[in-house]
């Protein structure tokens, strides 16, 4: 006879009596967290069960592990205590057991509707490691970045690859995730891109929660590793692909990953998952002895990811995969983690890495689904995605199908995104925050990662008290938003300022938001460069005016006869040079334009000096060698004159070595001018 609870549980619920996943919750925002298990649409408060003395087995009698705000003390007790707790809870919730069923007072205190609680992370996570254990994911990523000839590095088949993540940024579903800002790969000869990530991605993963750890310097045998894994959660390892691509050589992921990792609130135990154990894939070559398992198994957990664009009614399933696709098992991952003597601790989080399958529809992230943005992914309503856009709702679910029941991690429901704004920053443009504020804001629609359900409850920010409504299952909604304003600064004004964009190709609402954001950045940068060009052009126009003035015979005569006229002309030319120096060289084209005008002005200075030094008792232009007033302005090309003059000055003042340096590196620009800059 199938086990049945006295609490009515919908047939589609992920939380029947066969599951009983562990979590932590608050009854009020200021209250301390309590521990509980999910049963249908209710949370069973374990502190009330413990205070009633119902954990009366040999391992848990008198223990205060369920009176703690986290599960860590319970996790440290190990599998025998976990089994005892599970047996006790299944008995108490059984339809045949009157202890809780017929005790109205205890039932009232211990069974709390899920719609009335706020769920929090149920364990203190001391450390977080994320593995890279799906062969299909490794092959697809290798093909994208290294080509199809050798997509998987040889070492991958010999050990479970991983990186050490940030435990501090692991958050419960319902916590806002900020769109990260960082450096991206440069284009051509330009500096690296800096700004909000344009390639924000999800990664469909699961994660193991460590139970008893090991002492520093000790290892955990692979055949005993299951006793050190309490259970599993769904996990989204948010990834900024552009930041990741630029930084990962030679030490691996850093800022492209550490900005946020989200986990679902309910931990499904390995005991609940045992009926769904299955054989792991054959490993070739055979692993080294410390990774060779007597029984190598995975779990048949169906996983699904959906994307619901902002403002759209329907979501689109973008991937269906399964935990059984992992090449390296959960126990191999844990054993390998300790083989060097690294000590694990209760509550540590071990991510599986992105879980991809062999079929095109089973790829676990947008990087694979779109081939790094090359092939747009079609969603319902004619919408496409290359990477996540602000306002998108990412929906993960995981479930095992039993005989007449489910053992699940939750599904996801809808959420109304907020509209936020983020200040546009760009170190490429050397803009301070104040300059960005003046330049304007671009609107960012927030995505939030929320634990939710199928009821009509209104979701609030996780920083407020959340009422999570449920009908038949939990929900895990992955969301993020952009908010780069300084936390100490006042919030930006409610009205948004528009950035003028002068471009022959108008930006329309039909553009994908990642492309639109890139175009805004590019257009804004172009606008700044145009303004700088206007400043340089103004200086150049004044230089033209002075050139024509110097060409006049009366100007030449006055400079030659009056030292004050020469000084006045040189001061005017120097002011032009100072104006040029005030133009920031944020772009190679700006620097080159500034350099050319600077050369002209320096040439004019040298000509003014040459006028006063020239002899006047000869009327023949040949005497001046083209340097006299008629030779310069009537017979010679202007640039040719300046170039010849500066080359002669280099020969006279600097000798052959300076002449060679100028010819090789500076063109016709004076080295002394270069040193002054």
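With R₀ fixed at 45 Å, the C-beta to C-beta distance from residue 59 to residue 522 puts the FRET efficiency at about 0.10. With R₀ fixed at 45 Å, the C-beta to C-beta distance from residue 574 to residue 152 puts the FRET efficiency at about 0.10.
Here the alpha carbons of segment 222-266 define both size measures, Rg and Dmax, at 14.9, 40 Å.
Run the Debye formula on the Cα coordinates of segment 216-318, all scatterers equal and no solvent, and tell me log10 I(q)/I(0) at q = 0.15, 0.17 1/Å. One equal scatterer on each Cα of segment 216-318 leads to -1.06, -1.19. The ranking of 264, 258, 598 by Cβ neighbour count inside 10 Å, starting from the fewest, reads 258, 598, 264. The shape of segment 160-239 comes out prolate: with a ≥ b ≥ c from the C-alpha gyration tensor, a/c is at least 1.5 and a/b beats b/c. Looking at the square roots a ≥ b ≥ c of the eigenvalues of the Cα gyration tensor of segment 277-415, which shape do they give, rounded for a/c under 1.5, prolate if a/b is larger than b/c, or oblate? Note, shape of segment 277-415 comes out prolate. Each residue, residue 216 and residue 581, gets one label point 7 Å from its Cα in the Cβ direction; the gap between the two is 5.7 nm. Here the calculated FRET efficiency for residue 73 and residue 530, from their Cβ-Cβ distance with R0 = 60 Å, stands at 0.40, rounded to the nearest 0.05. Separation of segment 208-284 and segment 297-357 by C-alpha centroid, Å? Distance between centres, Cα-based: 7 Å.
Potential lengthening of the chain between residue 102 and residue 288 amounts to 61.4 nm, from the contour at 0.36 nm per residue minus the alpha-carbon distance. Residues of segment 341-377 with an amide N closer than 14 Å to a point placed 7 Å from the Cα of residue 159 along the Cα-to-Cβ direction: 341-342. The slack in the chain from residue 551 to residue 51, taken as 0.36 nm per residue of separation less the alpha-carbon distance, amounts to 169.9 nm.
Eigenvalues of the alpha-carbon gyration tensor of segment 22-119, scaled by 5 and square-rooted, set the equivalent ellipsoid semi-axes at 19, 18, 11 angstrom, largest first. Exposure proxy ranking for 400, 342, 365, based on other Cβ atoms within 10 angstrom of each Cβ and starting from the fewest, stands as 342, 400, 365.
Modelled spin-label separation between residue 86 and residue 564, with each label point placed 7 Å from Cα along the Cα-to-Cβ direction: 10.2 nm. Exposure proxy ranking for 354, 316, 129, based on other Cβ atoms within 10 angstrom of each Cβ and starting from the fewest, stands as 316, 129, 354. Label segment 45-84 by shape, choosing from rounded, prolate and oblate, from the square roots a ≥ b ≥ c of the eigenvalues of the Cα gyration tensor; if a/c is under 1.5 it is rounded, and otherwise prolate applies when a/b is larger than b/c, oblate when it is not. Because a/c hits 1.5 or more and a/b fails to exceed b/c, segment 45-84 counts as oblate. Hey, what D do you get for segment 525-589 in µm²/s if you plug the Kirkwood alpha-carbon radius into Stokes-Einstein at 10 °C and 1.306 mPa s? Rounded, D is 119 µm²/s.
We did not get these values from a lab; they are worked out from the coordinates using the rules stated. The structure presented is a predicted model; accordingly, all values stated were derived computationally and were not measured. All Cβ positions, glycine included, derive from the backbone under ideal geometry; neighbour counts span all protein chains shown.
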